[in-house]
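Read the structure below first, then the notes.
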Amino acid sequence: NDPSQLLQGKVAGLSIYNKGGDPNSSSVIRLRGLSTVGANTQPLIVVDGVIGATLDNIDPNDIASISVLKDGSAAAIYGSRGSSGVILVTTKRGSRSGGLNVNFNSSVAAASVYRNVPVMNASQYVAAGGNDLGSKTDWQKEVTQTGISKINNLAISAGAKNTTFRMSTNWRDVSGVLKKSGFNQVNTRANLTHHALNDKLTIDLNMAFTHRDQDFSFNEALRYAVLYNPTAPVRFPSGDYYQAILFDNFNPVAILDQNINIGKTQNLNYSAKIDYAFTKALTFSANYAQQFNTGLRNEYYSSKSLFRGLNRNGLARKSSNDGNFTLFEAYGTYAKSSDKINLNATAGYSYQEQQDQGMFVELGNFPSDALGFSALQLAGDRISGLASNVKISRFFCTFLSRHHMRPSCRRETLWGNLRQADTVTS
């Protein structure tokens, strides 16, 4: 489900892991440990020549090859951005050999908990002096499941002497091992390559779009599944969830069932590259790319949830993040060799700008749980006058690699009628 999983265990010095197996979190990638140059912790990602592209917009079925640069060559080519290594991804393309090709792949995968955290069962707990509430509950089993993933991929490619193209659509319905975790994703990718002027001119166009609906669930349920009394029932005979009134002690099943934590993300990128060979020795290339990322997360904690919503009579949170970057590169290369000397010279210009902004809102005291986070205007906190109950914040960041600037970020925090603004360069 994550393109980085294709590299796990295959490259010396490359560490890739996803703690807890959360399908909605990206894998942590470390190449040769941590780097202090440029504050880079993860390798630079380059997709079809686009520097800084995201792996979230690539389906593993569309990848043709992956190369990993982990020595001095990475810094020589990409500067300090490649100080933690570089991962080069090339996607599949049509063939100039001609013919129309249609490929369809379908697969099903299952994920399960390999080994639970060892805890006392109900009998052992009572024998050790614990209070007996009359039930035998395996809380870790109650909050986990066998996660089923269904993947479908349809790709169409064709080619002629001068033009090739490939289009693909990928559907993924993924469930995690934690109940109510997973995502439903649609990814489309298209590329077109055209050769002209006796192959002196090459035009390469790429576009990709990903839409993902996410269910984040609550990782806290795993924590309390290890701590909760194994003799406690999941529910009272009335059907209400059993909940002991203790500090930092919540029914893990109630956490999952009473509350909502969902969201969606969209990624769009496109690029255009032109290569022209003036002579066998002199070539020119230009590359322009843009990428747009949006994310929305909605949380609602019921007024009956002791975990988080009870003391606020219902609690809603909304957060959004938007980011985009623009890349432009133009360079020329002169290469000539003879029996005594090899000459290779490159000169060019590179410009990249990245902007990020986000918003967070938290409100409570709702007249009903029926509408949840969809009715923020009904929150009693809006008119209660308690500034500590209203949390609104937003941030803006801009980074220009052309000037080798550090990102300039502005964060604004609003607490009720109080407003604070900070400008931070970090």
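Considering the values (1) 88, 50, 39; (2) 78, 52, 42; (3) 93, 53, 43, which represents Cα extents along the principal axes in Å as calculated for the structure under consideration?
(1)
Only sites in a loop by DSSP and with at most 12 other Cβ atoms within 10 Å count here; which chymotrypsin sites (Phe, Trp or Tyr not before Pro) in region 266-347 make the cut?
PHE278
Scan region 1-73 for trypsin sites (Lys or Arg not before Pro) in coil per DSSP, keeping those whose Cβ has at most 10 other Cβ atoms within 10 Å, and list them by number.
Taking region 1-73 and a limit of 10 other Cβ atoms within 10 Å, the loop trypsin sites (Lys or Arg not before Pro) found are LYS10.
In region 61-133, what chymotrypsin sites (Phe, Trp or Tyr not before Pro) fall in a loop by DSSP, with at most 10 other Cβ atoms inside 10 Å?
TYR114
Which of the residue pairs LYS141/LYS179; LYS19/LYS136; LYS264/LYS318 have a Cα-Cα distance greater than 19 Å in the structure shown?
Check vs 19 Å cut-off fails for LYS19/LYS136.
Any lysines with Cα under 20 Å of the LYS200 Cα? List them, leaving off those in the same chain fewer than 8 positions away.
The qualifying lysines are LYS161, LYS273, LYS280, LYS336.
Assuming a ≥ b ≥ c are the square roots of the Cα gyration tensor eigenvalues, decide whether region 20-171 counts as rounded (a/c under 1.5), prolate (otherwise, with a/b larger than b/c) or oblate.
It comes out oblate by the Cα gyration axes.
Along the Cα→Cβ direction, 7 angstrom out, place labels at SER112 and ILE383. What is the inter-label distance in nm?
Between SER112 and ILE383, the label points sit 5.5 nm apart.
What list of ³J(HN,Hα) couplings, whole Hz, do you get for region 308-323 from phi and the Karplus terms 6.51, -1.76, 1.60, once you set θ to phi - 60° and write x for glycine and proline?
8, x, 5, 6, 10, 6, x, 9, 10, 9, 10, 9, 9, 9, 10, x
For n ≥ 4 DSSP H runs only, could you compute -39500 (n - 2.57) per run for the chain, divide by its residues and tell me the 222 nm figure to the nearest 500?
Result for the chain: -2000 deg cm²/dmol, rounded to the nearest 500.
I'd like the Karplus ³J(HN,Hα) series for region 107-113: coefficients 6.51, -1.76, 1.60, θ = phi - 60°, whole numbers in Hz, and an x wherever there's a Gly or Pro.
Values per residue, Gly and Pro as x: 8, 10, 10, 10, 10, 9, 6 Hz.
If r is the Cβ-Cβ distance from PHE399 to PHE292 and R0 is 22 Å, what FRET efficiency results, to the nearest 0.05?
The value I calculate is 0.90.
Note down the magnitude of the dipole of region 135-283 about its Cα centre, charges +1 on Lys and Arg C-beta and -1 on Asp and Glu C-beta and zero elsewhere, to the nearest 20 debye.
Value, rounded to 20: 600 debye.
Where a number appears in this text, it was derived from the coordinates with a stated rule and is not lab data. All values reported here derive from a predicted model rather than from experimental measurement. Using ideal geometry, Cβ is built from the backbone for each residue, glycine included, and neighbour counts are taken over all protein chains shown.
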